[in-house]
């Protein structure tokens, strides 16, 4: 009569009866291992399968096949959530980069606009240097607004220049140009072109940062 076997499964529940062939097959499938408790009627008690391996003809038998890994099933809609998270991160990055670029570009453009207006005002003032020098040689003094050839300060106004003054200052003659529309932070800014008694000219800015001035004026600005 075929020997009937019993075994304890992984939940410690008794299974059987099964034949020796069925027991060996379960071992090969990985359902049992050598620590599994088994019993048959000739055994005094339950014993590990390893103790009856010879009786079952298991010496030299290959080990049981490894169990196939259980792959977790993706949660419904999981892919969409990941895509939305990635999209959100990308949008945040775009906004941050745009803010940084704007913080750099806007002040740079503002500085360029101011320099352009100052340069236009400077051109008007610089064209009067010859007239000032000739008046000084002919009259022995500096010209003033209202003298022949020198109009009122507002008469020289254009989109970039508010007033142009001619004055006697510091033992020499000055042309004082007030640029227009530079913004509230540059109210009171002036361009000063000074001619000494030897007719040497120096140029400077007053109440205006050097970065806004033409190159020839930056060294002497105040």
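Here are some notes:
- Of the residues making up the range 106-158, those that are over 16 Å from residue 190 (Cβ atoms) and buried (at least 18 other Cβ atoms within 10 Å of the Cβ) number 6.
- Residues being without any contact (Cβ under 8 Å) to a residue 24 or more places away in the chain and farther than 19 Å from residue 110 by Cβ - total across the range 177-202: 5
- Tally, over the range 203-214, of residues that are more than 15 Å from residue 111 (Cβ to Cβ) and either surrounded by fewer than 20 Cβ atoms within 10 Å (Cβ to Cβ) or not assigned by TED's automatic domain parsing to the domain that holds residue 157 (or both): 3
- Enumeration of residues in the range 118-154 that are without any contact (Cβ under 8 Å) to a residue 12 or more places away in the chain and touching a helix residue (DSSP H, G or I) at 6+ places or on another chain (Cβ under 9 Å): 148
The values are calculated or read from the model by the stated rules, or taken from the named source; none is laboratory data. Remember, predicted model here, so these are calculated numbers, not experimental data. Heads up, the Cβs are rebuilt from the backbone with ideal geometry, glycines too, and the neighbour counts pull from every protein chain shown.
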